[in-house]
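Take a look at the structure below.
The values are calculated or read from the model by the stated rules, or taken from the named source; none is laboratory data. Every value quoted in this text rests on a predicted model; they were computed, and no experiment measured them. So basically every Cβ, Gly included, is an ideal-geometry build from the backbone, and we count neighbours across all protein chains shown.
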Amino acid sequence: MHRFLSTATAMVLLPALIAVGALLVVLRVVRVEQDSLRRYTTAAEKSVEAERLNAELQYQGRMVRSYLLSPDPRALVEIERSREQIDLLLRWMLEMSRTPRERELLEASARSEARIRAQSQKLLEQRQRGAPLEQLLPRVDGELQSLRAALDENMALLVRYQQEEMEAAQRWANQVVDSSVRAYLFGIPVAVAALVTQAAIVMREFHRRRDAQEMAERNAAERAASEARFAGIVSIAADAIISVDEEQRITIFNTGAETIFGYSAQEVLGQPLDVLLPERFRTHHRHFIQAFAGGTVSARRMGERRLLFGLRKSGEEFPAEAAISKLEVGGARILTVILRDVSAQKRVEEEQRFLVRAGELLSSSSLDYERTLSSVAHLAVQSLADWCIVYLWEGGTMRRPKVVHRTADKQELAAELQRIPLDVLQPFLAREVIMHQEPLLIPHTTMEHLASMAQNAEHLELLKRLEARSFLGVPLVANERLLGALMFISSESGRTLHRG
């Protein structure tokens, strides 16, 4: 665009520039003519003065000869005046000389004139002392004549040189004027041709930029449409799609991620990825992401050696499968994780394993169902819950023969809970299950729930120490006879209990 405007300006200014060029040529011609006239005038003046000098030299020679023939004081006066005039002319011409050749001719003429003057002065002095004319005339016709011939030759050369200078000045002026006019006349078509060429280049550049801009606009529109399609696909995907920058801060959080983790996109955008991970996994996961970002592999499955866990906004942990990829965009590295909540799948797998193992235990030959139920409780805390409490209904009384936790450090608490006697007339954990002989699920336990299940203050304190998050009670019925109940409790592991 800048070049286009420049050429348009040049097209407007071209006539003015041509006029200015013509004026400059005229001024140059005038200046050259003035210089030429000055040189010509100077050469002409020097030529005239050279002729005057030559005339004065000849006049001085005649006056000397006249005095020798007839001594007359007036002739001596004329000789002296002529000598002064000759000196003035020689000095002026030497001062005005501009070339070595001109100065050389003038200096040679001055030397010849000085010798003639010295010889003439001797003859004049001898004549004044009375020397006879017959004795002096041979010297006048001999020595002075030869000196005079040399002087005449120098003066002729000087006059011819001055005339050549006049002619050279005129030729120089004509050449300069002709070259200036030719340059101007040649410059006009050259300038027009240059302007036309520049205009063609600018128009081509204008069309190229217009085409490039149209192409960029089309590409931008296609990219925007592609991004919109991608955003639409990402937004409706059931899996969680999460992108992070090189500092592992969340930049994309789709609807699937909102559903799985319980956060809105506004809550987590710009936050570190750690907020979506259980604290015990954060350091290891951060190192894994850094190693993957700096490696050569562009995509890989995460959790190949062990199960991954995510952390919901509610604090609940859940098992997940994930894959990670990386992409360079504008010099920045973007990491994208596609994560799937496999809680239901893992739960089904655990339940199937539990049912298979429980079936094996229940179908064993042992008739000690209390020990069998204890084995089932130990099996349950391995795959289904954190706590399992066995309740047995015997002859109108209820007892709690076994309380099991999945880790050994909770055995003391389990023993304390197991020692508390049960009063069937007071609330206890399995009361609703026993009374209705139906499963009972409490997905989110509150203090009100615990208070409604406690027999007394001591019992309530023990229930609080369980850190229960959810309860699932299952009645034990055989041949339409109530045997008791199993209570499954989810606490610190974040396992989710549900109706099977």
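Data table
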| quantity | calculated |
| --- | --- |
| Residue within the range 258-278 that is in a helix (DSSP H, G or I), out of contact with any Cys (no Cβ under 7 Å at 6 or more places or on another chain), of a type in the set (A, V, I, L, M, F, W, C) and farther than 14 Å from K313 by Cα present | no |
| Number of the exception - R419 against (1) among the basic types (K, R); (2) touching a helix residue (DSSP H, G or I) at 6+ places or on another chain (Cβ under 7 Å); (3) under 20 Å from E461 (Cβ atoms) | (2) |
| Residue in the range 420-443 that is within 60 Å of the chain's Cα centre (by Cα) and surrounded by 15 or more Cβ atoms within 10 Å (Cβ to Cβ) present | no |
| Some residue of the range 62-70 being part of a loop (DSSP other than H, G, I, E, B), over 60 Å from the mean Cα position of the chain (by Cα) and assigned by TED's automatic domain parsing to the domain that holds P138 | yes |
| Residues satisfying the stated conditions in the range 272-285, i.e. surrounded by fewer than 15 Cβ atoms within 10 Å (Cβ to Cβ) and under 18 Å from S243 (Cβ atoms) | V275 |
| Selected residue (criterion: farthest from A43 (Cα to Cα)) from residues of the range 84-118 that are buried (at least 19 other Cβ atoms within 10 Å of the Cβ) and of a type in the set (D, E) | E113 |
| Test for V403: is it in a strand (DSSP E or B), in the same structural domain as R481 (by TED's automatic domain parsing) and among the aliphatic types (A, V, I, L, M) | yes |
| In the range 413-460, the residues that are part of a loop (DSSP other than H, G, I, E, B) and polar (S, T, N, Q) | Q426, Q437, T445, T446, Q455, N456 |
| Pick from the range 45-80, criterion under 17 Å from L137 (Cα atoms) and hydroxyl-bearing (S, T, Y), ranking: surrounded by the most Cβ atoms within 10 Å (Cβ to Cβ) | Y67 |
| S343 surrounded by 13 or more Cβ atoms within 10 Å (Cβ to Cβ), of a type in the set (S, T, N, Q) and within 20 Å of E492 (Cβ to Cβ) | yes |
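To keep it simple, each residue is scored yes or no on (1) among the aliphatic types (A, V, I, L, M); (2) closer than 17 Å to T336 by Cβ; (3) free of Cβ contacts under 8 Å to residues at least 24 places away in the same chain.
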| site | (1), (2), (3) |
| --- | --- |
| T251 | no, yes, no |
| A257 | yes, yes, no |
| I260 | yes, yes, no |
| V268 | yes, yes, yes |
| L277 | yes, yes, no |
| R282 | no, no, yes |
| G310 | no, yes, no |
| K313 | no, no, no |
